[in-house]
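What follows is a set of notes on a single structure, which appears directly below.
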Amino acid sequence: MTRLSRAARGVITAVAALLTVTAASAPARATPDPRAPKDFVALSTVDPTIIQEMRYFTPHNFVGERVDGYRQPICVLTRPAAEGLHRAQRQLLRHGYSLKVYDCYRPQRAVDHFVRWAEDLDDETMKAEFYPEVDKTRLFADGYIAERSGHSRGSTMDLTIVRLPARPTRPYTPGRPLVPCFAPERERFPDNSLDMGTGFDCFDPLAHTLDPRVQGQQRANRLLLKNTLEKLGFVNLAEEWWHYTYKPEPYPDTYFDFPVAWKSLSARR
């Protein structure tokens with residue numbers, strides 16, 4: 001074995017130290033975002049006539065800020081769910097109505113954002129509109145917030161019905177006085193949808209689809225949405241008049257985390 005001189009050993013030690021410092025100081029390479037499976041689509045590519053008002057891309061939601069994972073205001077769904085909405089839209093258009101989606105696929109990182117918000121009991125920025133009569137300590141126990149959401153499986157959406165021609169709606173301005181989501185239609189935040197008795201994402205029993213206190217035209221509007229969708233394979237969540245899942249789900253046990261963005265749908269295998 002060749003024995004190195006003391007000077008040579010010193011040079012090697014210095015070089016090794018320099019390489020160690022360089023490696024430690026180099027910026028970490030960002031982990032690329034996951035991509036959607038190839039059978040996820042943007043709803044607009046299946047039916048461009050369905051109105052989209054993606055609330056979690058905006059600060060007008062119960063959190064009060066754009067939710068993690070919503071990088072563009074687009075509705076992403078599994079293809080079977082999107083095609084089911086297309087069939088429902090064709091029926092409604094014949095009667096002068098259109099569907100409007102508020103939320104579709106929801107990444108797990110968005111659900112995690114909801115959980116962090118719910119655990120922060122001091123943040124009640126949007127309480128006056130979205131959960132005026134619910135103590136924030138009860139959000140998990142009462143089922144309003146959970147660590148998993150069916151939306152993350154890609155076949156669940158939140159939606160309503162709009163009479164055509166659709167009226168423009170007043171943009172949400174942070175800081176303006178908030179009105180309870182169950183107030184009369186003329187008082188609560190303006191929405192161009194049919195009057196469903198409450199606003200979207202209303203944390204209140206009045207939002208239950210068949211709550212007996214909701215009668216007249218409001219009940220008829222909820223039933224129009226329910227009957228139209230259920231005939232085409234959608235299942236309603238009884239606690240939320242706006243929440244539907246297309247069955248059978250292509251991914252009944254998988255919770256995805258790719259961002260809501262066109263990039264998530266491109267260059268897929």
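The values are calculated or read from the model by the stated rules, or taken from the named source; none is laboratory data. None of the values given here were measured: they were computed from a predicted structure. Please note: Cβ atoms are built from the backbone with ideal geometry, for glycine as well, and neighbour counts cover all protein chains shown.
Which is touching a strand residue (DSSP E or B) at 6+ places or on another chain (Cβ under 6 Å) and either within 30 Å of Pro165 (Cα to Cα) or not acidic (Asp, Glu) (or both), of Ala82, Ala110, Ala36, Ala88?
On the way: Ala110 fails: touching a strand residue (DSSP E or B) at 6+ places or on another chain (Cβ under 6 Å); Ala36 fails: touching a strand residue (DSSP E or B) at 6+ places or on another chain (Cβ under 6 Å); Ala88 fails: touching a strand residue (DSSP E or B) at 6+ places or on another chain (Cβ under 6 Å).
Of the residues listed, the single one that is touching a strand residue (DSSP E or B) at 6+ places or on another chain (Cβ under 6 Å) and either within 30 Å of Pro165 (Cα to Cα) or not acidic (Asp, Glu) (or both) is Ala82.
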Within region 96-154, restricting to residues that are in a loop (DSSP other than H, G, I, E, B) and among the aromatic types (Phe, Trp, Tyr), the one that is nearest to Pro250 (Cα to Cα) is Tyr105
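Given the structure, is Gln108 within 27 Å of Phe256 (Cα to Cα) and either without any contact (Cβ under 8 Å) to a residue 24 or more places away in the chain or touching a helix residue (DSSP H, G or I) at 6+ places or on another chain (Cβ under 9 Å) (or both)?
yes
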If you go through Arg170, Arg106, the only one that is at pLDDT below 95 and within 17 Å of Pro59 (Cα to Cα) is Arg170
Among Ala261, Ala207, Ala238, Ala220, the single one that is of a type outside the set (Lys, Arg), in contact with a strand residue (DSSP E or B) (Cβ under 9 Å, 6 or more places away or on another chain) and modelled with pLDDT of 95 or more is Ala261
Okay, helices (runs of 4 or more DSSP H) sitting entirely in region 1-95 with 2 or more residues that are exposed (fewer than 10 other Cβ atoms within 10 Å of the Cβ) and either among the hydroxyl-bearing types (Ser, Thr, Tyr) or at pLDDT 95 or above (or both), I get 6-25
Given (1) part of a helix (DSSP H, G or I); (2) at positive phi, Leu225 misses just (2)
Residue hits (region 164-216; loosely packed, with under 11 Cβ neighbours inside 10 Å, over 21 Å from Gln52 (Cβ atoms) and not charged (D, E, K, R)) are Gly175, Pro177, Pro184, Pro212, Gln215, Gly216
Within region 139-186, residues charged (D, E, K, R) and in contact with a Cys (Cβ under 9 Å, 6 or more places away or on another chain) come out as Asp158
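Scan region 220-260 for residues that are of a type in the set (Val, Ile, Thr), more than 28 Å from Arg66 (Cβ to Cβ) and in contact (Cβ under 8 Å) with a residue 60 or more places away in the chain and jot them down.
Of everything in region 220-260, just one residue is of a type in the set (Val, Ile, Thr), more than 28 Å from Arg66 (Cβ to Cβ) and in contact (Cβ under 8 Å) with a residue 60 or more places away in the chain, namely Thr228.
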For region 196-218, the count of residues that are part of a loop (DSSP other than H, G, I, E, B) and within 22 Å of the chain's Cα centre (by Cα) equals 11
Among residues of region 96-144 being farther than 28 Å from Cys75 by Cβ and among the basic types (Lys, Arg), the residue surrounded by the fewest Cβ atoms within 10 Å (Cβ to Cβ) is Arg138
Note to self: Looking for something more than 16 Å from His151 (Cα to Cα), aliphatic (A, V, I, L, M) and part of a loop (DSSP other than H, G, I, E, B) - is there at least one such residue anywhere in region 245-261?
What the structure shows: no
